[in-house]
Structures are given as structure tokens and as C-alpha cells.
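The next block holds one structure in the form of C-alpha cells; read it before the comments.
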Amino acid sequence: MRLYDNPPWYNEKIHLPEEAQKKHKRRQLERTIHPLPSMFNYMLKDFWQARKPPLESTWNKNLQRWAISAGINPYGLSVKSSRKTLES
């Protein structure tokens, strides 16, 4: 969500300035994410041209509703489930 609102943070790599950091215990004031996947540049252009992503709370409610509609137990299902699935 914050990257969507701050396109200058991306310039062939993602550079997160100190104000981008939301974790209070973070030791690293700035963070650079590099290298990025080769197609990331194209995906990010589409990301910025599309509608703004939903808030985390809205996404969670939608996931719960979709799980029930699909006959899946929604217990423990959240936005972080999606992130963890992509990571693995």
C-alpha cells in the first residue's frame, strides 16, 4: 500500500527511506531491496496503473467471505496467509 502511494521509492530497485519504516525496533534506518525479479519493472507499472489495493481489513473480510463461499474453513485465513504462501 505504501509503495503504491510512493512511486519515487522505486528506481530499478526499491529504496525505503527512514519514514517508510513502520517497525519501531528496526535497527536499519533505510533499506534497499535489490536485486528484483527481471519482470518486476513491468508488473510494477501495471500495479500503479490499476486501482489502489484494498485496505488490509477489507482484504481480510473478503478472504473470509470467499472461503465460506468456497466451503473452506476461514479460521486463521488472513492477508498474511497470502504473503506466506508466495514466500514458500
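Which of Ala70, Ala20, Ala50 ends up with the largest GNM mean-square fluctuation for the chain, with Cα atoms connected below 10 Å?
For the chain, modelled as a Gaussian network with Cα springs under 10 Å, the answer is Ala70.
On the protein heavy atoms, probe 1.4 angstrom, tell me the percent of accessible surface of the chain carried by carbon and sulfur.
It is 55 percent, rounded to a whole number.
Using the heavy atoms of the protein chains and a 1.4 angstrom probe, tell me the accessible area per residue for the chain in square angstrom.
In whole numbers, the chain has 86 Å² accessible per residue.
Filter the GluC sites (Glu not before Pro) in the range 1-56 to those in DSSP coil with at most 14 other Cβ atoms within 10 Å of their Cβ, and list the result.
Glu12, Glu30
Work from the charge dipole of the range 16-82 (Cβ charges, +1 for Lys and Arg, -1 for Asp and Glu, about the Cα centre) and give the residue of Pro37, Thr58, Pro17 farthest towards its positive end.
Thr58
In nm, to one decimal, how far is the modelled label at Ser38 from the one at His15, with both set 7 Å along Cα→Cβ?
2.6
Compute log10 of I(q)/I(0) for the chain with the Debye formula, placing one identical point scatterer on every Cα and leaving out solvent, at q = 0.12, 0.23, 0.26 Å⁻¹, to two decimals.
Debye output, listed in q order: -0.52, -1.24, -1.30.
Among the aspartates and glutamates, select those whose C-alpha is under 19 Å from the C-alpha of Lys52, and discard any that sit fewer than 8 residues away in the same chain.
Qualifying aspartates and glutamates at Cα under 19 Å: Asp5.
The values are calculated or read from the model by the stated rules, or taken from the named source; none is laboratory data. Quick caveat: nothing in here was measured; it's all calculated off a predicted structure. Cβ: placed from backbone, ideal geometry, glycine included. Neighbour counts: every protein chain shown. The protein model used for the area step is the full one, side chains on, heavy atoms only, and it has no ligands, DNA or RNA in it. Shrake-Rupley method; radii C 1.70, N 1.55, O 1.52, S 1.80 Å.
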